[in-house]
1. Among DSSP bridges having both ends in chain B, what percentage is antiparallel? Round to the nearest 5.
2. Rounding to the nearest 10 and keeping the result within 0 to 90°, find how far the Cα-based axis of helix A:2-25 lies from the longest principal axis of chain A.
3. Using a ≥ b ≥ c from the Cα gyration tensor of the range A:32-86 (square roots of the eigenvalues), is it rounded, prolate or oblate, where a/c under 1.5 gives rounded and otherwise the larger of a/b and b/c decides, a/b for prolate?
4. Output the 0 to 90 degree angle, nearest 10, between the alpha-carbon long axis of helix A:75-86 and the longest principal axis computed from the alpha carbons of chain A.
5. Quote to one decimal, in nm, the extra length available between residue A:9 and residue A:87 on full extension: 0.36 nm per residue of separation minus the C-alpha distance between them.
6. Which of B:86, B:13, B:61 moves the most in a Gaussian network model of chain B with Cα springs under 10 Å?
7. Taking a cut-off of 23 Å, what percent of all Cα-Cα pairs in chain B are separated by more than that?
8. Equivalent-ellipsoid semi-axes (√(5λ), Cα gyration tensor) for chain A, whole Å, largest first?
């Protein structure tokens, strides 16, 4: 009897010590769920979700339970991935999804005012006061934040040129002849 | 040889843009970094003597000493004349849009 109590309490204290050690040794800094949400977001820093950037939106989702359908650049796939990660129900996107594009500056109109440079969250526009502004295509995330500030409306969004690395199989047409086939009894 | 810093040298045309990373000695000036980067070989149309240069969207003097992670930028001149564009816009009766509003 006594030896049993002794054995159990010995085991309990040993495991307790192990757990205590592990909680100190393998302590996780920060909130890992925020990091994982942030990784799913497209990092356009466009602010279309209503938060200042992707990280603040990730924090809002994790801490305040913000909606997961506010990210237009991410579109449906990001929303579904978020729902999956957070074990929430998928919800329809708040805004319509647009085809991804990049900003292009019309050089004949640009007056070098730097307003678009200040608006760009990812430093994708190269230029200075009274110098030509140019979009660095690789850096542009297509967030469209540079469009409204331009006083001469010289920035337009253009669809991303189709290249080998970005090519995907085109989707089948919407109204595939299923209904037609169904209506034709053999 | 003292410590080195990482900087970038960038140049952009509508059809091609390059951001070149390079490691330079502490105390390297803007002008030296542009020469070292090889951007002049890649884009022969840059007129090194007269081209305007700057750091992160602000024109800077050529003898400006670089700091870690600076993005040195070589600019191209404008095509449109800002004053002329403004005159045309006034004549067309368009409202001037101030920056920042949506």
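1. Once the DSSP bridges in chain B are tallied, antiparallel ones form about 80 percent.
2. 20
3. Cα axes put the range A:32-86 in the rounded bin.
4. For helix A:75-86, the angle is close to 10 degrees.
5. Net length gain for the segment: 24.2 nm.
6. Greatest mean-square fluctuation among the candidates belongs to B:86.
7. 40
8. Each semi-axis is the square root of five times an eigenvalue, giving 48, 30, 14 Å.
Read-outs throughout are calculated quantities, based only on the coordinates presented, and are distinct from any laboratory measurement. Just so we're clear, the structure is a prediction, and the values are computed from it rather than from any experiment. Cβ: placed from backbone, ideal geometry, glycine included. Neighbour counts: every protein chain shown.
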